[in-house]
Each structure stands twice: as C-alpha cells, then as structure tokens.
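Structure record follows, encoded as structure tokens.
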Amino acid sequence: MKDRIPFDKEINLRGTVCPYNFVKSKLALEEIDIGQILRVIIDFPSAAEDVPRGMEYEGQEVLCVNSISKREWEILIRRKK
C-alpha cells in the first residue's frame with residue numbers, strides 16, 4: 001500500500017463538471033495557507049488532467065493524481081503562492 005500524503009483540507013467535487021472543478025479547486029486553495037495541501041476528489045474524467053494542468057499553470061505544486069475507484073480520482077495540491 002502506498003504511503004498516504006497528509007492533507008490540510010479536502011473538497012468533494014463528485015458530480016461537478018469542468019470548468020467548475022478547476023474554479024472550485026482554485027477557490028478552496030485560496031482558503032488555505034501557503035505550504036498546506038488540498039485534496040480534491042473528482043469523478044469527471046477530463047478533470048483528472050485539466051485540474052492538475054491548470055494548477056501547475058497557476059504556479060501551484062501538484063503532488064499526485066491517484067485513481068481511488070474506477071471513476072474517481074484524488075488530486076493533492078500544495079499551495080505555493
């Protein structure tokens with residue numbers, strides 16, 4: 001079993017479609033301190049690529065994107081700025 005990365009805040013975006021996955025993730029990231037980690041749960045397939053790409057473009061650090069079930073993913077993002 002993989003080591004779990006501890007996170008400071010989690011948002012559940014199951015049922016949310018793009019671009020709202022990115023927008024809601026960005027807003028949640030603004031609520032935590034620099035250096036803290038946000039865990040985003042999604043079930044919209046393209047968001048598993050779009051959210052991390054958008055976060056990296058914004059200067060944030062994407063720690064991982066993991067499949068947690070057949071149609072669900074977790075994205076762990078460290079707030080950098």
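The values are calculated or read from the model by the stated rules, or taken from the named source; none is laboratory data. All values reported here derive from a predicted model rather than from experimental measurement. Backbone-built Cβ (ideal geometry, glycine too); neighbour counts: all protein chains shown. Please note that ligands, DNA and RNA were not included when accessible areas were found on the heavy atoms of the full protein model with its side chains. Shrake-Rupley method; radii C 1.70, N 1.55, O 1.52, S 1.80 Å.
Identify all residues within segment 1-19 that are within 11 Å of Ile77 (Cβ to Cβ), assigned to a loop (DSSP other than H, G, I, E, B) and among the charged types (D, E, K, R); write none if there are none. The answer is Asp8, and nothing else.
The condition of being open to solvent by 30 Å² or more (accessible area, probe 1.4 Å), part of a helix (DSSP H, G or I) and touching a residue at least 12 places away in the same chain (Cβ under 8 Å) holds for only one of Phe22, Phe44, that being Phe22.
Listed by first and then second residue, the pairs linking a residue in segment 49-62 that is more than 14 Å from Glu30 (Cα to Cα) to a residue that is in a helix (DSSP H, G or I) and open to solvent by 30 Å² or more (accessible area, probe 1.4 Å), with Cβ atoms under 8 Å apart and 6 or more places separating them unless they lie on different chains, are Asp50/Phe22; Val51/Phe22; Gly54/Phe22; Gly54/Lys26; Val62/Glu56. Scanning segment 25-36 for residues that are touching a residue at least 24 places away in the same chain (Cβ under 8 Å), under 11 Å from the mean Cα position of the chain (by Cα) and open to solvent by less than 30 Å² (accessible area, probe 1.4 Å) yields Ser25, Leu29.
Any idea which residue in segment 56-68 is surrounded by the fewest Cβ atoms within 10 Å (Cβ to Cβ), counting only those that are outside any loop (DSSP other than H, G, I, E, B) and not hydroxyl-bearing (Ser, Thr, Tyr)?
Residues of segment 56-68 outside any loop (DSSP other than H, G, I, E, B): 56-57, 61-68.
Cutting the leftovers down to not hydroxyl-bearing (Ser, Thr, Tyr) gives us 56, 61-66, 68.
Values: Glu56: 13, Glu61: 14, Val62: 15, Leu63: 16, Cys64: 13, Val65: 17, Asn66: 15, Ile68: 11.
Looking at residues that are outside any loop (DSSP other than H, G, I, E, B) and not hydroxyl-bearing (Ser, Thr, Tyr), I get Ile68.
Only one entry in Arg71, Arg39, Arg4, Arg53 is exposed (fewer than 14 other Cβ atoms within 10 Å of the Cβ) and at pLDDT 95 or above, namely Arg53.
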